Amino acid sequence: GETKVLKLKNLRPKDFADYTCQVSVRNVCSIGDKSVTFRLTNGTAPPMIRLSVNDTVVVDPGQDVQLTCEVTSGFPPPNVTWSCSTGKLPLSALVRGATLILRAVTPTDAGLYNCSAVNNVGNPARKNVNVVVRTMSNLTFQITPDSNKDSESIQMGRDLKLSCHVDATPQDKVNYTWYKNAAPVFNSDSLILLRSDPDMAPGTSSLEIVDMKFRDLATYSCVANFPGSRIPELRVDVNISQSSVSPPVLSVPPGGQVVNVREGGTAELVCLIVDGKPRPPILWSRTEKDLLMPAEKTVVETPDGRLRLKNVSRDMMGAYRCQTAPYNGLNIKRREAQVQLNVQYPPILDPVFQDVRYRNYQMVTLRCAVLRSNPPRLTDIRWYRNGEFIRMPMPDLKETPEWKFKLEPTNNGSYECRVSNTVGTSTCTFNVSAQPYDAEFYFDTPNPVRILKGNNYSYTLQWTQRDPEATDRIIGYWINIRKNKQSLLSKQIDLKGKEPERGVLISHTIADLKIPLSYEVRLAPITTYSTGDYISRIIQYSEPYTYPRPSDNVCAFEDERICGFSQDRSDIFDWTRQNHLTQNPKRSANTGPETDRSGTKEGYYMFIEASWPRVQGDKARLLSPLFNVSSVRGPKGSGRVPYCVSYYYHMKGKHIGTLNVLLRVRSIASVDTVIWTKTGHQGPDWQKAYFDISPSGPFQIVFEGIRGQSFEGDIAIDDVSITIGKCKQQNTVASAVLIGGSRSLPLASWLTFGLSCLLSLLYR
């Protein structure tokens, strides 16, 4: 994503030449180098363009539109492209060189079209054309009595205003013409034409009748059109007489104030205009402002006042407002009414399903709570066991349904509580059992594999028991070992009277497994009366590695097994094992080590590659083997074992990010703590760091490399050592930065400080 720029200042004749930009990712993922060549001449110039049309083009639907983007200058010859602000060009669009042709345009083709000319010299040249497709629909009228007199009817001697509005594009290009009894209307003392009425919605034309006389009683017509357009004109007629105009009367039919409907059904809400001329449409909305009508609309118009709702849900329940529209009728105070929609649904119960575990011969109480119900009155409550009706006295329908019984081996099973109202029935289901809960495998067992004689190995299986006290005492486990779905071993693990405890690991060693085969292990708890469900996992052979061994005081990563270290699967990228002989010859010269810490070309080290596709902030984590501190006892009087962690690091480059060293302690959940950190360039040489740790449980050391701003940010580590006991004092202070702690200075440093003070006093 980076852009590289070459700037040439004070051009000379010899600067006119071919320039090549070559890009390399050093063959990462077998991606080869790429290059582009640019020719610079004395005629090189940025592009300039002009359009064959104005900035805005207005056309009728069905017409063809031709837009030409003419290149007036630019060398090398610019490449011209067309694009549309709404996304892709219309399917009917045809591009011929610098010309864009839109065939038989429709309103959906309207929008901003952009012409761009690019020749990689200076900035691209761009021009925009706004294509407007004429549309016109929904012509409405309003009759406004004399507003100064608060009148709601036509009266002689008072003013009257007729208004006309059409939804159109472009709105300001619509032409309105008024007629009185088919004769054109012109401005006079008694008739005033307003091309755009400021008291109405934009684009509304009005005709004001001043001091109305009998001669003004007539049929008035409003005609809307686009001059010179092929779009048909729209016309509306309004008959003005004392008998043809009267205020509307809105009414809800008897019994229609509340509409009951079952959830999922269809409802019809009705508001009728029983009197008034002309009769306007009816607008429906929710009385609560935050609630929307179906199809996510705030208002729904109905010509006959009937609102039809399909697939009704309970969230549609509530009050609905119906009111007269302010158009196609008298523009007066709106008439309105309300209709209540009551959605009926079966009872809502809690719990819908519950797994209940008890000891045998204990009392069990099952409760099925009714959260909501419409209608709220319940009609029936029945209990079933394994599908069979339980005969019992009729329960009180006003109380929470419950069933009490003593759990025995014969009455384990599925219990249902079916609660009904007049709409339907809902069910609470309880799976009641004395069966123990499933065991839960523990997957982080340190070094579970042990080598036996010959080609055999053993595996230490560990697990915990979920809620062991919920049911009868667990006396053992069935273990079944399978290979390719064929049973190899099935036996009972006897706990010898020791009951499982919550969160405490249980171990069992499986012997005589064949290298390198993997096996399916199935495990189920056993009580006096029943056996639990089996859980399953796959165990497989992995080369055991005990680290550190006496021969591995220092891990120099010379072996491909890298001393049992592993890559973290949750990071962004991985650490790489490398030496001088395997380095990419096209690697960045200003970052990373030339050799390992020992200085030999054959010696290996681990490093993070900061080049593409890495970006700033990407993390790579390298995990040490797991150390099981429970097998080692700490110093006398101490409950924890000290360990010394030491290593060498290399952080050379102007874009170096961060190297963190974390302590990961394994328990029920792993906890990572930053122990050491370095950021930025640290010089061209390998540096040593070391520190003490006293972990509280099994642990790993995590080396986390974080990529810096750019590609010159390779970080490397080598000669890692993790040994039991505190670190020995060094001649110089280690370069570690301890998080949340401090390090005491070595004895030599204190002696140096004291000697300096003594010499200072003698000098004085």
Fill in the blank from the handout: Checked against (1) open to solvent by less than 20 Å² (accessible area, probe 1.4 Å); (2) at pLDDT 90 or above; (3) more than 27 Å from ARG569 (Cβ to Cβ); (4) part of a loop (DSSP other than H, G, I, E, B), ASP596 satisfies every condition except (3)
Exercise for the section: Could you figure out which of (1) of a type in the set (Gly, Ala, Ser); (2) farther than 26 Å from ARG134 by Cα; (3) modelled with pLDDT of 90 or more isn't true of SER243? Expected result: (3)
Completion exercise
Counting only residues in the stretch 11-37 that are farther than 25 Å from THR576 by Cβ and of a type in the set (A, V, I, L, M), the one nearest to the chain's Cα centre (by Cα) is identified as VAL36
Practice task
Looking for whichever is open to solvent by 80 Å² or more (accessible area, probe 1.4 Å), in a loop (DSSP other than H, G, I, E, B) and hydroxyl-bearing (Ser, Thr, Tyr) here; the options are THR37, THR3, THR20. Which one fits?
Solution key: THR3
Handout entry: Top-ranked residue of the stretch 671-693 - restricted to ones that are surrounded by fewer than 19 Cβ atoms within 10 Å (Cβ to Cβ), in contact (Cβ under 8 Å) with a residue 60 or more places away in the chain and of a type outside the set (A, V, I, L, M), ranked as nearest to ASP568 (Cα to Cα)
Key = THR673
Practice task
Test TYR320 against the criterion of being closer than 30 Å to ILE192 by Cβ and open to solvent by less than 10 Å² (accessible area, probe 1.4 Å), and give yes or no.
Solution key: no
Handout entry: Residue under evaluation ILE332, criteria (1) in contact (Cβ under 8 Å) with a residue 40 or more places away in the chain; (2) in a strand (DSSP E or B); (3) hydrophobic (A, V, I, L, M, F, W, C), criterion not met
Key = (2)
Problem - Only one of GLY503, GLY603, GLY532, GLY564 that is over 30 Å from GLU440 (Cα atoms) and either crowded, with 16+ Cβ neighbours inside 10 Å or not β-branched (Val, Ile, Thr) (or both) - result: GLY603
Exercise for the section: Having 2 or more residues that are among the β-branched types (Val, Ile, Thr) is the bar; report the strands (runs of 3 or more DSSP E) wholly within the stretch 454-541 that clear it. Expected result: 456-465, 474-483, 506-514, 518-527, 535-540
Handout entry: Qualifying positions in the stretch 259-295 - closer than 18 Å to SER313 by Cβ and open to solvent by 60 Å² or more (accessible area, probe 1.4 Å)
Key = ASN260, ARG262, GLU263, THR266, GLU268, GLU288, ASP290, LEU291, LEU292, ALA295
Problem - Members of the stretch 348-391 that are open to solvent by 60 Å² or more (accessible area, probe 1.4 Å) and in a loop (DSSP other than H, G, I, E, B) - result: VAL352, TYR358, ARG359, TYR361, GLN362, PRO376, ARG377, ASN386, ARG391
Exercise for the section: Can you confirm whether the stretch 723-731 contains a residue that is at pLDDT below 70 and open to solvent by less than 80 Å² (accessible area, probe 1.4 Å)? Expected result: yes
Practice task
Might you check whether a residue that is part of a loop (DSSP other than H, G, I, E, B) and either hydrophobic (A, V, I, L, M, F, W, C) or under 60 Å from the mean Cα position of the chain (by Cα) (or both) occurs anywhere in the stretch 158-165?
Solution key: no
Handout entry: Top-ranked residue of the stretch 54-67 - restricted to ones that are open to solvent by less than 40 Å² (accessible area, probe 1.4 Å) and not in a loop (DSSP other than H, G, I, E, B), ranked as nearest to VAL131 (Cα to Cα)
Key = VAL57
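The values are calculated or read from the model by the stated rules, or taken from the named source; none is laboratory data. Keep in mind it's a predicted model, so treat the numbers as computed, not measured. Here Cβ is always computed from backbone atoms with ideal geometry, including for glycine, and neighbour counts include all displayed protein chains. Areas reflect the complete protein model, heavy atoms only, side chains present, ligands, DNA and RNA absent. Shrake-Rupley method; radii C 1.70, N 1.55, O 1.52, S 1.80 Å.
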